[in-house]
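To keep things clear, I will list the structure first and then write my remarks on it.
The values are calculated or read from the model by the stated rules, or taken from the named source; none is laboratory data. The structure displayed is predicted, hence computed values, not measured ones. Every residue, glycine among them, receives a Cβ derived from its backbone with ideal geometry; neighbour counts consider all protein chains shown.
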Amino acid sequence: MNYWIAAFTAAVAFIMGFAAGPQGTLLFLIVLAVALYLFWAEELGFKGALDRLGLNKLQPPVWQRSNWVQFQSTLTDQDKLVKAFAAALVLMAVKLMLPSHQGVVFLATIVVVGWFLFKIYDSDKDRDQADSAKFN
């Protein structure tokens, strides 16, 4: 099933290339990666998401088999993958619908991502306090 999601993502990125140009494709893929990281961070915290995505264990040639095994393990949760894909697709759709000279999309994106980061940080702080409780 993950192959279908990857094929669909590649197809939409290709269509974004025609609709928004090469920078639109690059922006779509970056937003997809950031959204996937944030959805994992919501559940595991920032450090846990880095461990889960394997970004701290990345070896220099990206195409090594060990790196691909680590990346495939992050794609097992299809709910997070679909949410990240939907977030990237909605952002690109809104960007294409509104005039490009207005910074409304950029400002709204910054506000939503900031709120999401604060929510993750706040829950991460509660998680750290619960872990550091000392019992007599």
- Message: Checking Val94 against (1) out of contact with any helix residue (DSSP H, G or I) (no Cβ under 8 Å at 6 or more places or on another chain); (2) modelled with pLDDT of 80 or more; (3) within 25 Å of Gly21 (Cβ to Cβ): exactly one of these is not met. Which one?
- Response: (1)
- Selection over region 20-39 where residues are out of contact with any Lys or Arg (no Cβ under 9 Å at 6 or more places or on another chain), closer than 20 Å to Met97 by Cα, among the hydrophobic types (A, V, I, L, M, F, W, C) and surrounded by 14 or more Cβ atoms within 10 Å (Cβ to Cβ) yields a count of 5
- Taking region 51-71 and keeping residues farther than 17 Å from Ala33 by Cα and part of a loop (DSSP other than H, G, I, E, B) leaves Gln59, Pro60, Pro61, Trp63, Gln64
- So which residues in region 87-104 are more than 15 Å from Ala35 (Cβ to Cβ) and in a helix (DSSP H, G or I)? Leu96, Met97, Val104
- From the list Ala6, Ala41, which one is among the aliphatic types (A, V, I, L, M), at pLDDT 80 or above and assigned to a helix (DSSP H, G or I)? Ala41
- Item | Every residue from region 98-122 that is hydroxyl-bearing (Ser, Thr, Tyr) and modelled with pLDDT under 80 | Ser100
